[in-house]
Each structure stands twice: as structure tokens, then as C-alpha cells.
Amino acid sequence: MKKHDENEIRSFESIIKYQKNYMVEHYKLLYYEPSIKQDIKNTEIFIGNVQKIIDLYP
């Protein structure tokens with residue numbers, strides 16, 4: 001049972017990582033915030049950077 005939960009968590013983390021990379025590429029977020037690629041591993045910081053971009057460039 002525990003191994004099953006670990007696999008689900010890894011799958012979920014993989015999906016989040018893919019989505020963050022997709023957002024950076026698709027919305028060209030590096031143009032707005034060059035450091036966003038470095039912060040992509042930390043989801044909370046990444047979300048904060050995206051929020052800043054949204055606030056500055058509506």
C-alpha cells in the first residue's frame with residue numbers, strides 16, 4: 001500500500017513539473033522573468049513569480 005502511494009506522489013510531482021515547464025515555454029515566461037527557470041524546482045516560488053508577471057503585465 002505504501003509503495004502505491006509513493007508512486008502516486010511521484011506521478012503527481014511529475015505532472016506538476018511538466019506543467020511548469022510547459023508554462024515557461026508556451027507563455028515565454030523567461031522574457032518577463034529570466035530567473036523563473038532557476039526557480040522552477042520550487043513550486044511556491046514559481047507560483048509567486050508567475051503571479052508577479054500577471055500583476056505587472058495584465
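The values are calculated or read from the model by the stated rules, or taken from the named source; none is laboratory data. Given the structure is predicted, the values throughout are model-derived calculations rather than measurements. FYI the Cβ positions are ideal-geometry reconstructions off the backbone, even for glycines, and counts take in every protein chain you see. Side chains are part of the model used for accessible areas, which takes the heavy atoms of the whole protein and leaves out ligands, DNA and RNA. Shrake-Rupley method; radii C 1.70, N 1.55, O 1.52, S 1.80 Å.
List of remarks:
- In the range 1-41, the qualifying residues are those that are open to solvent by 90 Å² or more (accessible area, probe 1.4 Å) and of a type in the set (Val, Ile, Thr), and the one that is modelled with the lowest pLDDT is 9.
- The set of residues in the range 7-42 that are closer than 19 Å to residue 56 by Cα and either touching a strand residue (DSSP E or B) at 6+ places or on another chain (Cβ under 7 Å) or not in a helix (DSSP H, G or I) (or both) comprises 27, 28, 33.
- Scope the range 42-58; condition free of Cβ contacts under 8 Å to residues at least 12 places away in the same chain and either under 21 Å from residue 12 (Cβ atoms) or open to solvent by 100 Å² or more (accessible area, probe 1.4 Å) (or both); matching residues: 42, 44, 45, 47, 48, 55, 58
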